[in-house]
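Computed from the coordinates by the stated procedures, all read-outs in this text should not be read as laboratory data. Only a predicted model underlies this, so the values are computations on that prediction, with no experimental measurement involved. Ideal geometry is used to build each Cβ from the backbone, glycine not excepted, and the neighbour counts take in all protein chains shown.
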């Protein structure tokens, strides 16, 4: 078999396992999981932390939403202003008054560095991580804290609901499918890849993020799970965000995720050790590694095909389609039905593959930009 054939076969195998077979396997395993022993006390203190970069348009509403949370423990909020050049810090101080802190950083440092400092400066038992453009349902923090009544739980992933302006969108369909998968992983205590909009962790078990890290919502829970603690899913802890308005925004976001994925692949080798970490490694290899590498292998197969006269036309066609998908994204097409789903799946995977390759080649962009 040619190199192109081997690479293409691996790409299909990884994609089929991750998207089709693994969900069925993990759900079956979850049905056999023992019930959680939620017989411990609820944490005595909680602090919500997030990084903000020029968020003056949303910061007041975001903080009002957080300060109105129903919680069974005293709640504080900490905002890290990452090189803000607008009124974010001033508005945050006025909104928080005595119920939180605003930490200003004169230069843009990136989300990981900001979160590291906010965590180090906190004395709360549990930290809740979120974003500036998110809003919590009234009982979100309360439901997160209740999950920690099981003393074996080290981190909790909440439910993010994406709201499309015109109703259901292709992105929300894919996201709802992912949420069902997180529920199954959560019953097994290996809900890797929380979402940055709403997750929580016991402060004493949080390790500092690597410099320039992007996927904090994967690294923080995963490293806690490595200590033998459970990472669970709290479906009643609901956060809401507006879905991306178009494919162009999703291309940018997926490229950034890809660069973060590359850093995880090279910087967290312990995740591959299934002998020591069992289900934790299975979840990572199946829902992260396989998805990150399948599109890279597919594009590599197309490139390898260019060197084979028998496959050159097919390889060129695949690369041409990939380039067209990305270019079309910036024209912001809205395709209905199955065609729209296939287009969305294709374009986000091409962007993800590009990000992974760029990250493996050394590209880093720790600062983030808001998604439209």
GNM flexibility winner over the chain from 40, 100, 346 (Cα, springs under 10 Å):
40
Cα long-axis angle, helix 111-120 against the chain (0 to 90 degrees, to the nearest 10)
30 degrees
If you build a Gaussian network model of the chain, linking Cα atoms that sit under 10 Å apart, which residue out of 178, 55, 250 swings the most?
178
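Contact order normalised by length for region 177-228, with contacts defined as Cα pairs under 8 Å and 6 or more residues apart; what percent is it?
Values: 33 pairs, mean separation 19.2, N = 52.
Worked out over region 177-228, it gives 37 percent.
When you count, for each residue, the other Cβ atoms within 10 Å and take the mean per peptide, how do 353-359, 306-312, 237-243 rank with the highest first?
Sorting 353-359, 306-312, 237-243 by mean packing, highest first, produces 353-359, 237-243, 306-312.
In percent, how large is the relative contact order of region 46-243, given Cα pairs closer than 8 Å and 6 or more residues apart? Walk me through the numbers on the way to the answer.
Details: 430 pairs, mean separation 52.2, N = 198.
With pairs under 8 Å counted, the relative contact order is 26 percent.
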Taking the C-alpha atoms of the chain, how large are the radius of gyration and the largest Cα-Cα span, Dmax, in Å?
21.0, 71
Specify the residue with the greatest mean-square fluctuation among 201, 294, 304, computed from a Gaussian network of the chain linking alpha-carbon atoms under 10 Å apart.
304
Of all DSSP beta bridges located in the chain, what percent are antiparallel, nearest 5?
25 percent
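Looking at region 46-243 only, what percent of DSSP beta bridges run antiparallel? Nearest 5 please.
Working: 10 of 38 bridges.
The antiparallel proportion sits near 25 percent.
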What list do you get for 175, 292 if you sort them by fewest beta carbons within 10 Å?
175, 292
Relative contact order in percent for the chain (Cα pairs under 8 Å, 6+ apart) equals 21 percent
Expressed as a fraction of 2.2 N^0.38 Å, the rule-of-thumb size for a compact globular protein of N residues, what is the C-alpha radius of gyration of region 46-243?
0.97
